[in-house]
1. Please work out whether region 1-90 counts as rounded, prolate or oblate from its C-alpha gyration tensor, where a ≥ b ≥ c are the square roots of the eigenvalues and a/c under 1.5 means rounded, while otherwise a/b larger than b/c means prolate and anything else oblate?
2. Rounded, prolate or oblate: which fits region 77-146, taking a ≥ b ≥ c as square roots of the Cα gyration tensor eigenvalues, rounded meaning a/c under 1.5, else prolate when a/b beats b/c?
3. For the pair ASN62 and PHE17, what calculated FRET efficiency results from E = 1/(1 + (r/R0)^6), where r is the Cβ-Cβ distance and R0 = 35 Å, to the nearest 0.05?
4. Would you mind getting the accessible area per residue of region 1-139, heavy atoms of the protein chains only, 1.4 Å probe, in Å²?
5. Quick one: check the C-alpha center-to-center distance for region 18-37 versus region 62-85, whole angstrom.
6. Quick one: check the C-alpha center-to-center distance for region 88-114 versus region 122-146, whole angstrom.
7. Within a Cβ distance under 13 Å of ALA56, other residues only, what is the Lys/Arg minus Asp/Glu net charge?
8. How big is the shadow of the Cα convex hull of region 1-160, averaged over all directions, in nm²?
Amino acid sequence: MSVKIRLQRHGKKGKPFYWVVAADARSKRDGKYLEKIGTYNPNTNPATVDLNLDAAVQWLHNGAQPTDTARAILSYKGALLKHHLDGGVRKGALTQDQADAKLAAWIEAKAGKVDAKKDGLTKAQSDAKAKAFKAETAANEKRIAAQTEAAKVPEEVVVEEEVATEEVVEAATEVEAPAAEEASEEKEA
């Protein structure tokens with residue numbers, strides 16, 4: 001019986017969630033499995049991987065063959081490195097303490113890279129929010145300026161109408177004044 005370390009799909013349509021399992025190569029994709037080793041959630045950024053490192057390495061020691069995606073996940077979490085270092089310990093190339101130190105250093109460096117990516121994504125998201133807020137503020141200022149400009153136009157028209165009305169009244173009084181003088185002169189005469 002050949003054993004594969006592979007992904008078993010769960011989750012709803014469009015939102016996959018995977019279990020990393022050790023299963024018989026002849027079983028269905030989502031069928032019977034021997035052991036659940038971990039989980040993989042590709043919906044988050046960066047993807048969330050929870051893996052039982054010791055169980056994965058034990059299955060690798062027993063000859064389980066990971067699929068391509070499972071191999072990438074095992075590599076990402078350091079299971080393949082631990083398997084490789086354990087091979088060096090069995091051959092006598094290095095001691096268990098040296099292997100553990102190398103693995104711990106690699107895991108710490110990997111955690112630093114993941115944290116840097118998370119910080120970069122958070123910074124990019126906050127920059128995008130700030131840029132959107134600035135653009136929205138500028139659009140609001142333009143809209144307010146347009147409204148005040150629209151409000152000024154009727155006032156100018158009203159002022160122009162008042163000026164025109166005053167000119168008409170003045171012209172009418174000038175016309176009426178000489179006529180009234182002539183009428184008063186005619187009455188006197």
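The values are calculated or read from the model by the stated rules, or taken from the named source; none is laboratory data. Just so you know, these numbers come straight off a predicted model, no measurement behind them. Because the Cβ atoms are built from the backbone with ideal geometry, glycine has one as well, and the counts that use them run over all protein chains shown. Surface accessibility is based on the protein's heavy atoms, side chains included, excluding ligands, DNA and RNA. Shrake-Rupley method; radii C 1.70, N 1.55, O 1.52, S 1.80 Å.
1. Values: a/c = 2.63, a/b = 1.34, b/c = 1.97.
Since a/c reaches 1.5 but b/c is at least a/b, the shape of region 1-90 is classed as oblate.
2. Values: a/c = 12.32, a/b = 6.82, b/c = 1.81.
In terms of gyration-tensor shape, prolate.
3. Once the sixth-power term is evaluated, E becomes 0.85.
4. On the way: 9000 Å² over 139 residues.
Each residue of region 1-139 exposes 65 Å² on average to a 1.4 Å probe.
5. Measuring centre to centre over Cα atoms gives 16 Å.
6. 48 Å
7. On the way: positive: LYS4, ARG6, LYS36, ARG71, LYS77, LYS82; negative: GLU35, ASP50, ASP54, ASP86.
My count for the surroundings of ALA56 gives +2.
8. Details: hull surface 59.2 nm².
Computed as one quarter of the Cα hull surface, the answer is 14.8 nm².
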